[in-house]
1. When residues of region 51-61 are filtered for being more than 15 Å from Q148 (Cα to Cα) and either in the same structural domain as N152 (by TED's automatic domain parsing) or touching a Lys or Arg at 6+ places or on another chain (Cβ under 9 Å) (or both), how many remain?
2. Among the residues that make up region 541-553, is at least one of them farther than 24 Å from P403 by Cβ, among the polar types (S, T, N, Q) and in contact with a Gly (Cβ under 9 Å, 6 or more places away or on another chain)?
3. Name the helices (runs of 4 or more DSSP H) wholly inside region 471-568 in which the number of residues that are under 24 Å from H588 (Cβ atoms) is 3 or more.
4. I'm trying to understand the selection: among the residues of region 409-434, which are β-branched (V, I, T) and at pLDDT 90 or above?
5. List the residue pairs whose Cβ atoms are under 6 Å apart, where the first residue sits in region 539-554 and is within 14 Å of A281 (Cβ to Cβ) and of a type in the set (S, T, N, Q), the second is at pLDDT below 90 and assigned to a loop (DSSP other than H, G, I, E, B), and the two are 6 or more positions apart or on different chains.
6. Name the helices (runs of 4 or more DSSP H) wholly within region 270-360 that hold at least 2 residues that are more than 30 Å from E189 (Cβ to Cβ) and under 25 Å from the mean Cα position of the chain (by Cα)?
7. Of the residues G445, G461, G490, which single one is buried (at least 23 other Cβ atoms within 10 Å of the Cβ) and touching a helix residue (DSSP H, G or I) at 6+ places or on another chain (Cβ under 9 Å)?
8. Could we say that D34 is part of a helix (DSSP H, G or I), modelled with pLDDT under 95 and of a type in the set (D, E) here?
Amino acid sequence: MRFWHVLPVALAFVAACDRTAPPATATRASASTDQTQLETARLNSWLDARYEEELAFSPLEKTQLGRKDDLDKIDDLSEAGAEAQLEWRRGTVRDLERDFDRGKLTPEGQTSYDLWRYALEQAEAAEPFRRRFYVFHQMDGPHTDLPQALINFHRVNDEADMVAYVARVGEVGRALRQGLERAQLAAGEGVHAPRFAYDAVIQQSRALITGAPFGGAGESPIYADANSKIASLVMNGKIDSKRGDELRTATSAALTGRFKPAYEALIAWAEKDRANSDEIATGVWKLPDGAAFYTERLAESTTTAMTAEEIHALGLAEVERIHAEMETIKRQVGFDGTLQQFFASVRKDPKFLFPNTDEGREGYLQASRDFYADIEAKLPQYFGLRPKAKLVVKRVEAFREQPGAAQHYMQGTPDGTRPGTYYVHLIDMNSMPKIEMESVAYHEGIPGHHMQVSLAQELTGLPKFRTQAFHTAYGEGWGLYAEQLAKEMGAYKDPYSDFGRLGAEVWRAIRLVVDTGLHSKRWTEQQAVDYFLANSATAEGQVRSEIQRYLVIPGQATAYKIGMLKILELRGRAQKALGPNFDIRAFHDTVLGGGSLPLSILERRVDDWIAAQPAR
């Protein structure tokens, strides 16, 4: 059982009872322990069955997990489909509360019980605002998510897989129209994305229906991917060339007959509705129920009850604290001027940029790979649990690549057949400064997201839904904590790279200020840009991309710093309580060993671990 650290705690408790209690009491304690283990095992089986029911709502999630059932299907993206899933979840919680006594479960079983209920609480809280979300925008949406899933997740190992791929190409058209219907319903209630989002959606959509078989130079992204997968089948002797031609023809028919018309409908609507959007972008406060919607988004993202005002004040304080550390590095490198002047100097200095060429882009990718090789060698000193899954570094696909957009991680499959991937936007190398690349690599890959997500997927002894859960404050908090942890592990040897690390941390502190500024304090996009530039060395292209990200995904950006601060708080608490008995590997295994958790449940988990350790 890879979830090994729970077992010694449980055994230590039973052994203590055996040493101190009379035999009869020990027997009763042992029997009670056996009963809780059996009841927890029953709960785990029940939860695994419910998780299979949940997966039935999402064939694409099955594919992302590496499974091949429902390989020819795509999720129901309609509002009615979402309502059906919510009603199903309500029913499962009613059954859970009727059929299981939480008090008769192990602590881990109680956590699973609480997490299943928590998912309903989140869904119930979001349901009144289902028409307040921007369905399509520059960061994601069905128009880019569905093609990305086909290209990156739909494995084709035989003819049947390719037949399913062709069916899915057609199904993209149906799902996209459902997404469009939801966007139109939201627009009917006065919900229009900022104008820049419409421009990006139009551009991204056109890129997907340009090239063969639609016309224009080259091949469209899906057609190119299909041709590559068909060619591989022919080369490996899975089909003959005649069958390959038939599958190409079928792909072309699905693209022109169902895929293209749906994208044309989306483009036509976006071009028309664009006139209803604000040319000067503002936050969601302007929407009907905007203040309540933002409160819900903050709660979902941070898994806390912190208000916008509290988060804004925390951000201001953190920016000031981190600036003091940046001043130290400024003096270390001998810069004579203000911190703001140092920011400007770093932004403008070409030595901190790779060439805006293919060679420069490959240099960025290779440097990231080298960072991972160095840090992996030190993992045994800091972690007992380490993932089996591999990590690769790749450039973002051309149809969704944006100047200055955020790098990101895409998880691999639980069985390891598809590795985790660190994706980088490299279309504009002037927006990708060298001093930031090291901290971003650690955040997205090792010891950050790849470490956390892969370990969760590989856990055993827990219900399966916990191995796939993701709570933003936990996951992104761990990613930001990993940036600082890497320094403890010997990274950032160049002071400018360490300045970049602090730049990344102040970036996340700035997010607390500007996200709440945009959505609660009614800041304009330019006000947010100006604050960001005045308080960081981040390139202006990156800053504008970031602010536009916050505008279309309210609240999410606040999760990083709040999650990191909670992990640091819990580590400090453990160090103080345990003194010389504190083991950094055991602490990290405790944080990572239960899968993604809301911060309140993570705190309970760490406190229980502290209480189970030997007295100092």
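1. 5
2. No, region 541-553 contains no residue that is farther than 24 Å from P403 by Cβ, among the polar types (S, T, N, Q) and in contact with a Gly (Cβ under 9 Å, 6 or more places away or on another chain).
3. Correct list: 472-488, 495-519.
4. T421, V424, I427
5. Once the first residue is within 14 Å of A281 (Cβ to Cβ) and of a type in the set (S, T, N, Q) and sits in region 539-554, its partners that are at pLDDT below 90 and assigned to a loop (DSSP other than H, G, I, E, B) give S545/G404; S545/A405.
6. So the answer is 308-332.
7. G445
8. Considered against the rule, which asks whether it is part of a helix (DSSP H, G or I), modelled with pLDDT under 95 and of a type in the set (D, E), D34 comes out as yes.
The values are calculated or read from the model by the stated rules, or taken from the named source; none is laboratory data. All of these numbers come straight from a predicted model, not from anything done at the bench. Glycine gets a Cβ as well: all are built from the backbone with ideal geometry, and neighbour counts include every protein chain shown.
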